[in-house]
Amino acid sequence: MAKPVAAKIDYETQVRPFFTQYCYSCHGPTVALPPGGVNMGVKKSVLRAIKPGSPFTSLLFKAIYTGSMPLRGQPRPRPAEIAMIQQWITEGANWPEPATP
C-alpha cells in the first residue's frame with residue numbers, strides 16, 4: 001500500500017503564523033534593525049536565509065532546528081512545527097506574491 005502524500009505546506013496559513021509567533025518579536029516588520037538583517041515579514045529578506053529545497057543548509061532552519069532561535073526565554077516551537085518548516089523549505093519555500101487589487 002502506498003504511503004499517503006502529505007499536503008503541501010501553505011505559507012499564509014502555516015508558515016506566516018509560525019513566523020509571527022516565534023520570530024516577529026525580534027525579526028518582525030516593525031523592528032527597525034532586526035538581528036542579522038533578517039526581517040521575517042519581508043520575502044526577499046527571509047529568502048536570503050533559506051536555501052529552497054535544502055533545509056539543513058539553510059541558516060534559518062539550522063537556527064530553529066538547533067534551538068539557537070528563538071532566543072532563550074522566548075516560546076519554543078514544537079517538533080511538529082519545526083518539521084513543518086523543514087517540509088516547507090524542502091518543497092521549495094513557496095511564498096506567493098500578494099494578490100494585486
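Where a number appears in this text, it was derived from the coordinates with a stated rule and is not lab data. Please read all numbers here as calculations on a predicted model, not as lab measurements. A quick note on method: Cβ atoms are made from the backbone with ideal geometry, for glycine too, and the neighbour counts reach across all protein chains shown.
Just from its helices, what would the mean residue ellipticity at 222 nm be for the chain, if runs of 4 or more DSSP H residues each count -39500 (n - 2.57) and the sum is divided by every residue, rounded to the nearest 500 deg cm²/dmol? Show your work: numbers first, answer last.
Details: 5 runs with 36 residues, N = 101.
So the calculated ellipticity at 222 nm is -9000 deg cm²/dmol.
Taking 0.36 nm per residue of separation and subtracting the Cα-Cα distance, what length does fully extending Ser45 through Lys8 add?
Values: separation 37, 0.36 × 37 = 13.32 nm, distance 2.26 nm.
So the extension gain works out to 11.1 nm.
Neighbouring Cβ atoms within 10 Å as the yardstick, rank Trp95, Trp88 fewest first. Don't jump to the answer; show the numbers that get you there.
On the way: Trp95 16, Trp88 23.
Neighbour counts put them in this order, fewest first: Trp95, Trp88.
Say the dipole of the chain comes from +1 at the beta carbon of Lys and Arg and -1 at that of Asp and Glu; which of Asn39, Phe19, Ser58 then lies farthest toward its positive end?
Final value for the positive-end residue is Ser58.
At a threshold of 8 angstrom on Cα-Cα distance, excluding pairs fewer than six apart, so keeping six or more, what relative contact order does the chain reach in percent? The partial results should precede the final answer.
Values: 94 pairs, mean separation 28.8, N = 101.
Once normalised by length, the contact order is 29 percent.
Among Phe19, Phe61, what is the fewest-to-most ranking by other Cβ atoms within 10 Å?
Values: Phe19 17, Phe61 23.
Ranked by crowding around the Cβ, least crowded first: Phe19, Phe61.
Rank the residues Leu71, Leu33 as a footprinting-exposure proxy: fewest other Cβ atoms within 10 Å of their Cβ go first. The partial results should precede the final answer.
Values: Leu71 10, Leu33 7.
The fewest-first ordering by Cβ neighbours comes to Leu33, Leu71.
Using the Cα centre of the chain as the reference point, and only Cβ charges (+1 on K/R, -1 on D/E), how large is the resulting charge dipole? Debye, rounded to the nearest 20. Show your work: numbers first, answer last.
Working: 11 positive and 5 negative charges, 56 e Å.
Magnitude of the dipole: close to 260 debye.
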